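This report concerns only the one structure given below.
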Amino acid sequence: MTTVYDVTTWSVPGNPSATPYNDIGLIINSIIADIKSQQTSQASKPGAVIYIPPGDYSLKTRVNVDVSFLTIRGSGHGFTSLSIRYNAGNTSSWHEINPGGSRVRVENTDGNGEAFRVYRTGDPRLSSVVFENFCLDGVSFGSNENDYTNGKTGILFDSANDSCRVEGMGMVYLERGLVVKDTDALSVSGNFLAECGSCVELTGSGQASKVTDNLIGAGYVGFSIFAEGHFGLLVTGNNIFPRGKSSVHFKNCTRSSITANRLHAFYPGMVNFEGSCTENLVGNNHFLRQMEPFDPLKPYNNGLDDLFGLVHIAGGSNSVIGNHFSFDVPSGSVSPSGQTPTIILVASGNNNYIATNNTVSGIAVHTVVLDASTSGCKVLDSGDSNQVVRYASNYSFRATP
Amino acid sequence: MTTVYDVTTWSVPGNPSATPYNDIGLIINSIIADIKSQQTSQASKPGAVIYIPPGDYSLKTRVNVDVSFLTIRGSGHGFTSLSIRYNAGNTSSWHEINPGGSRVRVENTDGNGEAFRVYRTGDPRLSSVVFENFCLDGVSFGSNENDYTNGKTGILFDSANDSCRVEGMGMVYLERGLVVKDTDALSVSGNFLAECGSCVELTGSGQASKVTDNLIGAGYVGFSIFAEGHFGLLVTGNNIFPRGKSSVHFKNCTRSSITANRLHAFYPGMVNFEGSCTENLVGNNHFLRQMEPFDPLKPYNNGLDDLFGLVHIAGGSNSVIGNHFSFDVPSGSVSPSGQTPTIILVASGNNNYIATNNTVSGIAVHTVVLDASTSGCKVLDSGDSNQVVRYASNYSFRATP
Amino acid sequence: MTTVYDVTTWSVPGNPSATPYNDIGLIINSIIADIKSQQTSQASKPGAVIYIPPGDYSLKTRVNVDVSFLTIRGSGHGFTSLSIRYNAGNTSSWHEINPGGSRVRVENTDGNGEAFRVYRTGDPRLSSVVFENFCLDGVSFGSNENDYTNGKTGILFDSANDSCRVEGMGMVYLERGLVVKDTDALSVSGNFLAECGSCVELTGSGQASKVTDNLIGAGYVGFSIFAEGHFGLLVTGNNIFPRGKSSVHFKNCTRSSITANRLHAFYPGMVNFEGSCTENLVGNNHFLRQMEPFDPLKPYNNGLDDLFGLVHIAGGSNSVIGNHFSFDVPSGSVSPSGQTPTIILVASGNNNYIATNNTVSGIAVHTVVLDASTSGCKVLDSGDSNQVVRYASNYSFRATP
């Protein structure tokens, strides 16, 4: 019994004309069926590894992963910028125009939006499903190559799961890259996820997961990293570049960390707490906010104005400690016009703690703004008395000397 | 001469009935013997890679690694929770009940406790031995599946070593997962080590090593991460979940770092400095202390009370900077009953530096307690004057405004 | 068409005597030529993976990589210390004396200094070239094995590039390990780069790159990590040991991060900002400065004296927050003799922000020195009024209580 499969050597029973070049989805589903037919003992289902050598594959049929311990791996995330290409004009003299490596073109003809769906009912949750070191390429956003919409999703984990890994992957020109529902102890590390509408979305709920050591940058319409209902999430060591509508977006998350990341954005709302986010740590990150420099994308933004804050806090008892903020927006570009931009907005919540944050800006900014609805916020060494605006009646403040 | 071995295709000379399914230890020892017989020139011993495909293997004979540059790798750490399974009652309807991936069941019949022992006398130290991406499964803790004892150790590095790596491994239900003695420039990264008595123990002495980007959670009897006699150890970017008796435990360690981790525990003593630990940095971590929520494990704890501190410092000149503490214990659960819990206890040592730490708690806590034996501690912006208890006569204190 | 190559099974057309043991460069160049002859469609050039099994290979001809999406990978970085060996005297009884794993001896006879050169003219830039998990061994520094010069370079990226990766590599006894020019979104992670003149040099310009989770230590003549003209570089989670002339050296870099690293050096100038470096974050790092303990290397140093600073800042608007400094130099070893050593020197630039840094030293030190040319520096909780020396006329200062 083999547990090591290669998509280029697999023959689909009853369908000799199927190839991974025509439809790698068909091939992988057939391999998964084989794994299930081989591994029938409840006590011993070790799974398998499916290897995708470097090559150019089309996926027309969604892969349905419903076994634990399956690794799907390639040799190369194969990222290249399609955004640059599609905005470059004549590329006829270019060496190459497409991503590569173990490149799977997401071209479903089966009515599904996802290239891979990980889903199983019953117990236990799927465990240790691994996607590693291949490329999911959405190919095109259609008539407007800068709109980041094509209905395509790279990988959808659609039922509760444990100890899964997405590592070393490349994703490009998908409307949604990675979507993981109800996850526990997930690892998203070492990936290159860029030029997707959204890159990482952790939906529903989750705990004890990590998003670490990635290079990530979404489109202006979506999320670079989104987490909903998570607790104990660790987002550290990532280089998150533009142009996601946010860099890290938490919705009703608690007791999580955003630390030691480098964050760069062209819009406000870089770290965006939505709903009620409590007891989170935002520490030791480097924030850079600039204006969009790329002509083709200058028409777009995330719709937020400069009063929203680079860090927007909704919820109490969070800690924002030891961050550096570089705000590089000329006064004429501030929105609303004539207003003073906000770096950290405490929009709601009590007892937030904001200490030793340094802001660098060429124009006057409000380094911290405490909404009137907030209470008990402590602001230490994060701006002077003109920079820290206190609409709240109850707060502690120590100006940076 | 091959240097690429596969345990499933290797025949043990003189023992044709040996298979990796019966005893993978016998197979790997035979492969190592082959490597040694092939590589006899002092100037050229490149080692080899031994591949363990996904599968279900038993190890009955300890593997003795006594060559440098050996990589033992699989395709999948294969973690699944045995703790959930063993406490779930009837699992007859479950899809699967065991870990998977490249799963090695640790079932020694040779009188040894370890699955793998890395050991060599003479010079130089063993270098660049690598364990990568397979599963070491202790299978069971015996009559009490919640006692975390079975005498089994996953990997023991038993002599001084240099530049070794343990990466992408899974370990479960071992009394001791990884034990490394006298190590230099070790890398323990990207692993999933959970539901072991202890997960990572760096014993004896060590320097310039790193434990990074792991998901780790030991049993209540042991260590998630333990280091003894180390200097220059870097523990960063880990998500350390319950229920180790500590999250990171240093014994006589100096000049090391615990930074940007997410730490979650059900007992006091999350970062525990034993003996004399000096000049270490504990920075930018997220600490969460809750009560054990899982009925089967509620009877157990680590024996420490809430006066011990979530961070317990023994030794001087350490820095504790920019951490977030969430203490979520109802007053009725505090031990000793009626006492005020301690977040950071400076139990001994001079000139510790504690700054810009934020504590969130539903009940009154002492954010910092300075033992009377201590001297020269500086406590800045880490609690108000009621929260920072100063039994010492010599200290500096600035209350959080 | 294969896209998976093995250097040990490839035959060079027209050159049947070529082997990877004699000249792996010839082999790999021949494979690359094959890739190019196979992949001629502009729309589909997925590249390939070239595998180097564990073994002992000589490289006499430089490899020229001019295709995107090429992965060159081995099984083992194979580091062992040549410095210890060459200074050990009689090693005739040693088990082994050389590095191993997938070991490529850099022994060019083609007049080139580099083992690998990545270079292409025209558009687009080379993307997603990957070096992974093999060893580049410079073998010897010649008549003086402690001088770190032999003219050999491991890998030179010599034209602009995007999304490339150098991961899990080992390098030893090269004058220059990794040199990358004009890079975008580079990943240098999980490597073991030591005992090279310089380890990582990012030259020219660059953006949005990361150097993370490495073990690195250069020779006294060169750089452990050097970056020039970069912005948005993230240097985090590295354990950087001696003896580079600096640990992290920025030249005209801006808006970059050095966070959560462990840094250890035998000379001043550990974090060295040259030219004008602005808006960078140096946070949550552990610095240790000691004297050279190894007799054979005691004659050498980097030529800087103790007034240079462990952190030397040239340029404005940087943040230095939450670092720990251990300065372990006996008074008799201070240079210039009788002077008070400097921990953080703000040598030039306005509006630097230095907060909550803790210094531990057995002798009196100046924790922060503000040059008279600087303006607007803020120094908070980073030393007392004797320790923070203010030659500047314009600054803010709050002494550590």
Discussion item. So, in the stretch A:12-45, exactly how many residues are more than 26 Å from B:Asn98 (Cβ to Cβ) and within 35 Å of the chain's Cα centre (by Cα)?
Written reply: 11
Worksheet item: Does A:Thr183 count as more than 13 Å from the chain's Cα centre (by Cα), of a type outside the set (Gly, Ala, Ser) and over 27 Å from C:Phe69 (Cα atoms)?
Response: yes
Response to the item:
Residue hits (the stretch A:349-363; within 14 Å of chain C (Cβ to nearest Cβ), not hydroxyl-bearing (Ser, Thr, Tyr) and not in a loop (DSSP other than H, G, I, E, B)) are A:Ile354, A:Ala355, A:Asn358, A:Val360
Fill in: Criterion violated by A:Tyr220 - all others in (1) in a loop (DSSP other than H, G, I, E, B); (2) within 14 Å of chain B (Cβ to nearest Cβ) satisfied
(2)
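Can you name the residue in the stretch B:302-324 that is over 27 Å from A:Ile321 (Cα atoms) and touching a Pro at 6+ places or on another chain (Cβ under 9 Å) and is also farthest from the other protein chains (Cβ to nearest Cβ) among such residues? Lay out the reasoning, then the answer.
Just the residues of the stretch B:302-324 that are over 27 Å from A:Ile321 (Cα atoms), to begin with: B:302-305.
Within this subset, residues satisfying the condition of being touching a Pro at 6+ places or on another chain (Cβ under 9 Å) are B:302, B:304-305.
Numbers: B:Asn302: 19, B:Leu304: 21, B:Asp305: 23 Å.
Taking the candidates together, the pick is B:Asp305.
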Worksheet entry | the stretch C:364-375, residues that are free of Cβ contacts under 8 Å to residues at least 60 places away in the same chain and either on the phi > 0 side of the Ramachandran plot or not in a loop (DSSP other than H, G, I, E, B) (or both) | C:His366, C:Thr367, C:Val368, C:Leu370, C:Ser375
Worksheet item: Taking into account only those residues within the stretch A:67-86 that are within 14 Å of chain B (Cβ to nearest Cβ) and crowded, with 24+ Cβ neighbours inside 10 Å, which is nearest to B:Ser75 (Cα to Cα)?
Response: A:Thr71
Discussion item. Where the second residue is basic (Lys, Arg) and the first is on the phi < 0 side of the Ramachandran plot and lies in the stretch B:25-36, which pairs have Cβ atoms under 9 Å and are six or more apart or on separate chains?
Written reply: B:Gly25/B:Lys60; B:Gly25/B:Arg62; B:Leu26/B:Lys60; B:Asn29/B:Arg62; B:Ile35/B:Lys45; B:Lys36/B:Lys45
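Within the stretch C:203-217, which residues are assigned to a strand (DSSP E or B), within 14 Å of chain A (Cβ to nearest Cβ) and of a type in the set (A, V, I, L, M)?
Across the stretch C:203-217, the qualifying residue is only C:Val211.
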Worksheet, complete the sentence: Residue count, the stretch C:91-145, condition in contact (Cβ under 8 Å) with a residue 24 or more places away in the chain, away from chain B (no Cβ under 14 Å), surrounded by fewer than 16 Cβ atoms within 10 Å (Cβ to Cβ) and polar (S, T, N, Q), comes to 2
Practice prompt. Tell me, please, whether a residue that is within 18 Å of C:Leu126 (Cβ to Cβ), out of contact with any His (no Cβ under 8 Å at 6 or more places or on another chain), more than 13 Å from chain A (Cβ to nearest Cβ) and part of a strand (DSSP E or B) can be found in the stretch C:49-63.
Written response: yes
Fill in: Test for B:Leu178: is it of a type in the set (A, V, I, L, M), touching a residue at least 60 places away in the same chain (Cβ under 8 Å) and not assigned by TED's automatic domain parsing to the domain that holds B:Gly47
no
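Just one of B:Val379, B:Val346, B:Val389 is in a strand (DSSP E or B), more than 27 Å from the chain's Cα centre (by Cα), more than 23 Å from A:Thr356 (Cα to Cα) and assigned by TED's automatic domain parsing to the domain that holds B:His324; which is it?
One residue alone meets the criteria, B:Val389.
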Fill in: Residue check for C:Leu193: among the aliphatic types (A, V, I, L, M), in a strand (DSSP E or B) and more than 29 Å from A:Ala265 (Cα to Cα)
yes
Worksheet item: Given the conditions (1) touching a residue at least 60 places away in the same chain (Cβ under 8 Å); (2) touching a Phe, Trp or Tyr at 6+ places or on another chain (Cβ under 7 Å), which single one is not true for A:Ser68?
Response: (2)
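The values are calculated or read from the model by the stated rules, or taken from the named source; none is laboratory data. Model, not experiment: these values are computed from the prediction. Note that we place each Cβ from the backbone using ideal geometry, even for glycine, and neighbour counts take in every protein chain shown.
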